[in-house]
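The values are calculated or read from the model by the stated rules, or taken from the named source; none is laboratory data. Keep in mind the model is a prediction, meaning the values are calculated, not measured. Note that each Cβ is placed from the backbone with ideal geometry, even for glycine, and that neighbours are counted across all protein chains shown. Surface areas here come from the heavy atoms of the whole protein model, side chains and all, with no ligands, DNA or RNA. Shrake-Rupley method; radii C 1.70, N 1.55, O 1.52, S 1.80 Å.
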Amino acid sequence: MYALKNRLMGKRREAEDRVISGPAEFVVVLPRVLRRPALFISALVEGRVAIPGHTGTLAAVSLFALTGLYGVVQGGHLRALAEETTSIAGFAIERVDVAGNIETSPIDVVQQLGLDGHTSLITLDLVEARKMIMALPWVASADIRKIYPDVIDVSLSERRAYGIWQHGQELSLIDVSGNVIAPMIDGKFAQLPLFVGLGADVNADAFNVALDAWPELKSRITAYIRVADRRWDIRLGNGITIRLPENNAEAAIAKLRRLEAEQGLLERDIETVDLRLDDRITIGLTDNAVVRRDAAIKEREQMLKKRGRNS
C-alpha cells in the first residue's frame, strides 16, 4: 500500500511539474491553492476528464431554474409562491377560532387578517397578524396561535365602555382612561354616563370618582358637562344644572349636600345652583317659578296697600 501511494504521488508531482514548469529558461510557480484547479483545467483541455452525457442539459435546466428563482425574488413574489405552494399542500387556513370576544365579531377578525381561503398557515406572520387584530376598535390584547394544519386560535381581551363622550355633534364610546373606543351608533350603551365638551373624555373618571361619596346625586345625573376644559357643570334628570368651581369642587359638592339634606334644595322649582363662589350660593329660578314669584310679589304689595287704606 505504501509503495502504491508513493507511485501515485510521484505521478502527481510529474503532472504538477508539467503545469508549473515551462522551458528551462522560464519557470512559473503557481501558489499552492491554485495548483489543483490548474491541474483540472489542464486535464479538461487535454481530454483526460470524462464529462457525463447529460451534463449540458442539467446545466441548462439549472441555469433556467436559478434565473426564474432570481426573478421571483427580485419581483417580490417569493412569499406568494411559498404561500401558494404550501396551501396546495394542505396548509390553507380553513378555520379561525375566536374566544373572549363580546363586541368583536369573528368575521371582523377574519377580514382584518385578510384571509381568503388560500392563505397558508405556514407563511402567516403571527407578529403582523397580532398587530392587525389589535387595530380592531374593541380589542385591548390578543393572543394568536397556529394549530396545524389549518386552524388559527385567537384569544381576545376587550376594552370596557366607561361612558359616552359628546364632542360637537358626535357621540363616541370611551374607556376609563378617556380613549375613544368606537362611535356610538345605537342605544345599546345609552345607560352609560354622558360626558360633554372638550376635555370631558380624559377627566371623566377622576370627576366621577369624586362623586362616589354622594351616590344619591350620581343616580340623578344625566350629563357631566366640561366647561372650557377647566371646570364641571352637572345636569340632573329634573333639569337642574349645578355649576361647580374650577378648584375644590369636592367642598362645593359637600356644601350642596348639606343644603339638600336641610332644605330639599334640589326638589324645588329651580333651574340652576351656582356654587362657583366660596361665600355665596346663587339660585336660578325656572320661568314658571319667576312668574309665580312675580305674582306673589304683586299680591303682597296689593295686600299692603289695602291695609294702608283701611288703617
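Looking only at segment 145-162, count how many residues are in a strand (DSSP E or B), at pLDDT 95 or above and open to solvent by less than 30 Å² (accessible area, probe 1.4 Å).
Here the count works out to 2.
Any chance you could count how many residues in segment 193-202 are at positive phi and not in a loop (DSSP other than H, G, I, E, B)? Steps first, please.
Pass one, segment 193-202, residues at positive phi: 197, 199.
Checking the rest, the ones that are also not in a loop (DSSP other than H, G, I, E, B) come to none.
Number of matching residues: 0.
Go through segment 159-176 and count every residue that is among the polar types (S, T, N, Q) and in contact with a Gly (Cβ under 8 Å, 6 or more places away or on another chain). Spell out how you get there, then give the answer.
Filtering segment 159-176 down to residues among the polar types (S, T, N, Q) leaves 166, 169, 172.
Then keep just the ones that are in contact with a Gly (Cβ under 8 Å, 6 or more places away or on another chain); that gives 166.
Qualifying residue count for the region: 1.
Are there any pairs with C-beta distances below 6 angstrom linking a residue in segment 130-155 that is of a type in the set (K, R) to a residue that is open to solvent by less than 70 Å² (accessible area, probe 1.4 Å) and not in a loop (DSSP other than H, G, I, E, B), with the two at least 6 apart or on different chains, and if so which?
R130/A142; R130/I144; R145/D153
Does I270 satisfy the criteria of being open to solvent by less than 60 Å² (accessible area, probe 1.4 Å) and within 13 Å of L211 (Cα to Cα)? Give the derivation first.
Values: open to solvent by less than 60 Å² (accessible area, probe 1.4 Å): yes; within 13 Å of L211 (Cα to Cα): no.
Here the answer is no, as I270 does not meet what is asked.
Filter segment 205-233 for residues that are touching a Leu at 6+ places or on another chain (Cβ under 7 Å), in contact (Cβ under 8 Å) with a residue 12 or more places away in the chain and either open to solvent by 40 Å² or more (accessible area, probe 1.4 Å) or of a type in the set (A, V, I, L, M) (or both) and give the result.
Listed by number, the residues that qualify are L211, L217, R220, I221, T222, A223, D229.
Filtering segment 89-101 down to residues that are modelled with pLDDT of 95 or more and of a type in the set (A, V, I, L, M), which residue is least open to solvent (accessible area, probe 1.4 Å)?
Restricting to residues being modelled with pLDDT of 95 or more and of a type in the set (A, V, I, L, M), the top hit is V98.
Can Q302 be described as at pLDDT below 90 and surrounded by fewer than 15 Cβ atoms within 10 Å (Cβ to Cβ)? Reasoning before the result, please.
On the way: at pLDDT below 90: yes; surrounded by fewer than 15 Cβ atoms within 10 Å (Cβ to Cβ): yes.
Yes: the conditions hold for Q302.
Going by the conditions given, is V202 open to solvent by less than 60 Å² (accessible area, probe 1.4 Å) and of a type in the set (V, I, T)? Lay out the reasoning, then the answer.
Details: open to solvent by less than 60 Å² (accessible area, probe 1.4 Å): no; of a type in the set (V, I, T): yes.
For V202, the condition - open to solvent by less than 60 Å² (accessible area, probe 1.4 Å) and of a type in the set (V, I, T) - is not met.
Just checking, which of V72, V127, V139 is modelled with pLDDT of 85 or more and either under 19 Å from I181 (Cβ atoms) or surrounded by 12 or more Cβ atoms within 10 Å (Cβ to Cβ) (or both)?
That would be V139, the only listed residue that is modelled with pLDDT of 85 or more and either under 19 Å from I181 (Cβ atoms) or surrounded by 12 or more Cβ atoms within 10 Å (Cβ to Cβ) (or both).
Quick check: is even one residue across segment 171-180 under 22 Å from I240 (Cα atoms) and either open to solvent by 40 Å² or more (accessible area, probe 1.4 Å) or without any contact (Cβ under 8 Å) to a residue 24 or more places away in the chain (or both)? Step through it out loud before you land on a result.
Taking segment 171-180 as the starting set, the residues that turn out to be under 22 Å from I240 (Cα atoms) are none.
There is no residue in segment 171-180 that is under 22 Å from I240 (Cα atoms) and either open to solvent by 40 Å² or more (accessible area, probe 1.4 Å) or without any contact (Cβ under 8 Å) to a residue 24 or more places away in the chain (or both).
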